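Report on one structure; see the data block that follows.
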Amino acid sequence: QIFNQHNAETPNLEQAFHRMAQMETNLDHDVSWFLLPSYWAKMVVALISFLCFANSYDGDFVFDDSEAIINNKDLRAETPLGDLWYHDFWGSKLSSNTSHKSYRPLTVLTFRINYLFAGGFYPVGFHVINIILHCTISVLMVDVFSILLGGLQFSNKGRRLNLAPKSSLLAALLFAVHPVHTECVAGIVGRADLLCALFFLLSFLGYCKAFKENKEGHTFSVFWVLVSVVLGAIAMLCKEQGITILGLNAVFDALVINKINLLELIRKLLYKDKSLVNGGLLRKGLLFRITLLLCGGASILYIRWRIMGTGPPAFTEVDNPASFADSLFVRAINYNYYYSLNAWLLLCPWWLCFDWSMGCIPLIKSVSDWRIIALAALWFCLIGLICQALCSEDSHKRRILTLGLGFLIIPFLPASNLFFRVGFVVAERVIYLPSIGYCILFTYGFSLLSKQAKKKKILAVAVLGILLINVMRCALRSSQWRSEEQLFRSALSVCPLNAKVHYNVGKNLADKGNQSAAIKYYREAVRLNPKYVHAMNNLGNILKERNELHEAEELLSLAVQIQPDFAAAWMNLGIVQNSLRRFEEAEQSYWTAIKHRKKYPDCYYNLGRLYADLNRHIDALNAWRNATVLKPEHSLAWNNMIILLDNTGNLAQAEAVGREALELIPNDHSLMFSLANVLGKSQKYKESEALFLKAIKANPNAASYHGNLAVLYHRWGNLDLAKKHYEVSLKLDPMAPGTKENYSLLRRKLEQLQKKGG
């Protein structure tokens, strides 16, 4: 209802309007809850939402953060800003066959700003922004819930009235402390959902502002409707779900502004009732506004389609097994089971996991599976709520239930598999926005219980208990998101059948040098998913390093057999075959890897090592040169070129390559060392000495650096300095090859000089 007042104001007129409105909608009347002024309510919500996730501020980059942030070239200054509009969320070209088509340029732009201000990849700044965003969204929820639960009404001063202050505070608190939001807040890539939610809510509030009476007395403002569309477009540029706000704005317009009874509308449409037009739909501008929303939405989708291209993203069966099922029945029943799991996460967010794919949720293949009960329970509840939303004689009840269901279902549609295949089974991040609908329904249910309950304070204490448990659960879950080790291990008890969980635990252990424990988890990942080629590749790598070459070869051969275009596995297979001295097979494996990944500097480097072992020096130099062209900072390839040229007597060429390498990588001490050796052999002692000293300053504990500098001084005739560095070298590595002999020669020479001097 919109009040259009033009009369002179009396001192208590606004309060009178507030009382009149409350008589119409009495959601707060029976709710035993705290009544706070709007400012204090928002302060409380902000503080509590901050407390929930504050301990994530100094967490690491975890899980998807590596690909979306650390390995994303779009964050670096050398990448033109314009490229962000043609790349996906992970930095790949949208036109690429490997792109996931997740188009979120504004989110990537905020990551880039974070990186710029932090001066590098320091996670604190990224985490702090996420926490601030969630607090801001939670505060906005107070206003949003006051409209959704209390209606949109204005005083004669043009101020929006909060007709459900207690209910809106409760709903905002439920949203702020919901543990399912931890992934979005504590995981940096969750920024996409947070930014999307922020502009989603601003779009909704902007749409509501369109109905504030202006000076000309018009019932709505076209300007604010268009602003709402623009904000919806911005939300979609943060994450795809943002576009759904335009549909929700239309639903809100129909139910709250025009007070349409959906059941009655359907009946009139079926019977072509002329009162449909005479009833005021056209007069109130509903069709015009919906046309604006439709045109805006269609334009946004068309532009996105043109940028993205028509090709759908390429997902694999392990990402979303139900979508690859041949039977329509199996697909439908499993999709519905996934919906019930999402609903359960909203109701009881205790079992949370960073990844629900790859065997975590086995497919339902027959109606005898007991999990069918979950589907039945979900649809029983949904049908009951829909019937009440359509058929209830209480218009207030119809409005709240329909809005609750709308905000629960509509933002979830892009993740539902109904319109296109998605790359996950269940993802906690995608229910950040649908949780708004859950909070509406929970709050309305609480108000109904309060109305019936004789001891309302006990009910209020129970809800307080739920909030407190959720706060503690958020804090615990946030701490698990602080590091990959804690995050991955927390998933073992939730999804023990998930091969990816075991793979990630194993990878984390391997990165820390605990290969024995890593092998155990990699083996379990392969056992759970015999086609898990990445686990096979990593396990094969570890076995190769432990010199268990035959099993490593079996695993890597199986990996490339399952996925013939797996370039990394082909390269690793080549390394193993090279170690087994099967050089022709190794060369073939390397070239197969390069065939599947044209720009593969590491593979060219390993190919060069193979050619060097076969004394094919020209081929080795060409391979290493290719590696440095593709990756100019490839220190190992540069080093090997210098060393090979040095060993074959091409000192001038070795010097030229060394100088070229140091221009590109000026702080690499290993390159300084290699070039210093070459210069020493060329009798450029002064320059060689400077490079040796610079290398030692960068890496003072390298025995070979001191030993070779001692050799330089020995040749140069600086015998005291030679003696000093021989001794340092032997102290660092008593078994250093050649150093003992050189030191003995030096001592004999010094003794002879002393005798001559005597």
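I need the calculated FRET efficiency for the pair residue 697 and residue 584, taking r as the beta carbon distance and R₀ as 41 Å, to the nearest 0.05. Mind dumping the intermediate values first?
Working: r = 45 Å, r/R0 = 1.09.
So the FRET efficiency works out to roughly 0.35.
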Over all directions, how big on average is the projection of the convex hull of the alpha-carbon atoms in segment 498-596, in square nanometres?
5.6
Would you kindly state how much longer the chain becomes between residue 122 and residue 136 on full extension, computed as 0.36 nm times their sequence separation minus their alpha carbon distance, in nm to one decimal?
2.7 nm
Spin-label point model (7 Å from Cα, Cβ direction): what's the residue 35 to residue 647 distance in nm?
8.7
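Could you please state how large a percent of the accessible area of segment 35-308 is carbon and sulfur, counting protein chains only and using a 1.4 Å probe?
Numbers: 7650 of 11510 Å².
C and S fraction of accessible area: 66 percent.
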Suppose the chain between residue 515 and residue 73 were pulled fully straight at 0.36 nm per residue; how much longer would it get relative to their current alpha carbon spacing?
156.1 nm
Can you work out the PRE-style zone for residue 747? Point 7 Å along Cα to Cβ, and I want the residues of segment 682-715 with backbone N under 20 Å.
703-704, 706-715
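So what is the calculated 222 nm ellipticity per residue for the chain, using -39500 (n - 2.57) for each DSSP H run with n of 4 or more, over all residues, to the nearest 500 deg cm²/dmol? Present the calculation step by step, with values, prior to reporting the outcome.
Numbers: 32 runs with 480 residues, N = 758.
Helix contribution divided over all residues of the chain: -20500 deg cm²/dmol.
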Once you have the alpha carbon radius of gyration of the chain, what is it after dividing by 2.2 N^0.38 Å, with N set to its residue count?
1.23
Using a simple spin-label model with points 7 Å from Cα along the Cα→Cβ vector, what separation in nm is obtained for residue 466 and residue 263?
2.6
Taking segment 35-308 as the region of interest, what is the percent of Cα-Cα pairs per 5 angstrom bin, listed from the shortest bin to the one with the maximum distance?
1, 6, 11, 14, 14, 14, 13, 11, 8, 5, 2, 1, 0, 0
Calc'd 3J(HN,Hα), segment 81-98, phi into Karplus 6.51 cos²θ - 1.76 cosθ + 1.60 (θ = phi - 60°), Hz, glycine/Pro = x, comes to 4, x, 5, 4, 7, 10, 10, 7, 4, 9, x, 8, 5, 4, 6, 6, 5, 8
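Report, to the nearest whole %, how much of the accessible area of segment 505-564 belongs to carbon and sulfur atoms, 1.4 Å probe, protein only. It would help to have the intermediate numbers written out before the result.
Working: 1430 of 3000 Å².
Reported share for carbon and sulfur atoms: 48 percent.
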Given H placed 1.01 Å from N in the peptide plane, which residues other than close sequence neighbours of residue 154 have an amide H under 5 Å from its amide H?
3, 161
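Report the equivalent ellipsoid semi-axes for segment 32-71 in whole Å, largest first, defined as the square roots of five times the eigenvalues of the gyration tensor built from alpha carbon atoms. Write down the numbers at each step before the final one.
On the way: eigenvalues 249, 18, 14 Å².
Those come to 35, 10, 8 Å.
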List the Cys residues of the chain that have no partner Cys with a C-beta closer than 4.7 Å.
135, 184, 208, 295, 348, 353, 381, 387, 391, 439, 603
Hey, any idea what % of segment 607-657's accessible area is carbon plus sulfur with a 1.4 Å probe?
50
Calculate, in nm to one decimal, what residue 377 and residue 622 gain on full extension: separation in residues at 0.36 nm each, minus their alpha carbon distance.
81.6 nm
Amide H to amide H, which residues 5 or more places from residue 702 or on other chains are under 5 Å from it, using H placed in the peptide plane?
none
Provide Rg and Dmax in Å for segment 48-103, with only Cα atoms included in the calculation.
14.7, 44
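Can you work out the accessible area per residue across the chain, with the rest of the protein chains kept in place, probe 1.4 Å, in square angstrom?
48
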For the pair residue 457 and residue 390, the simple spin-label estimate (label points 7 Å beyond Cα toward Cβ) gives in nm 4.4
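Taking GluC sites (Glu not before Pro) as exposed when DSSP calls them loop (any state but H, G, I, E, B) and at most 10 other Cβ atoms lie within 10 Å, what is the longest stretch of the chain free of them, the sites themselves excluded? Don't skip to the answer; put the middle values down first.
Numbers: sites that count: 78, 216, 393.
The answer is 394-758.
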Rounded to whole Hz and in sequence order, give me ³J(HN,Hα) for segment 173-180 from the Karplus expression 6.51 cos²θ - 1.76 cosθ + 1.60, θ = phi - 60°, writing x for Gly and Pro.
5, 4, 5, 4, 10, 6, x, 5
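If you add up the charges near residue 572, with Lys and Arg at +1 and Asp and Glu at -1, over every other residue whose beta carbon is less than 11 angstrom from its beta carbon, what do you get?
Values: positive: 544; negative: 545, 553, 602.
Taking every Cβ under 11 Å from that of residue 572, the sum is -2.
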So how tilted is helix 651-664 from the main axis of the chain? Cα-based, degrees 0 to 90, rounded to 10.
20
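Return the Rg/Rh ratio of segment 131-212 with Cα-based radii and a Kirkwood Rh. Before the final figure, lay out each step's value.
Details: Rg = 13.8 Å, Rh = 13.5 Å.
For segment 131-212, the value is 1.03.
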Take segment 329-454, compute every pairwise Cα distance, and split them into 5 Å bins from 0; I just need the percent in each bin.
2, 10, 17, 22, 20, 14, 8, 5, 2, 0
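The values are calculated or read from the model by the stated rules, or taken from the named source; none is laboratory data. Everything numeric in this text was worked out from a predicted model, so none of it was measured. Don't worry about glycine lacking a Cβ; one is built from the backbone with ideal geometry, like all the others, and counts go over all protein chains shown. We work out accessible area using only protein heavy atoms, side chains counted, and drop any ligands, DNA or RNA first. Shrake-Rupley method; radii C 1.70, N 1.55, O 1.52, S 1.80 Å.
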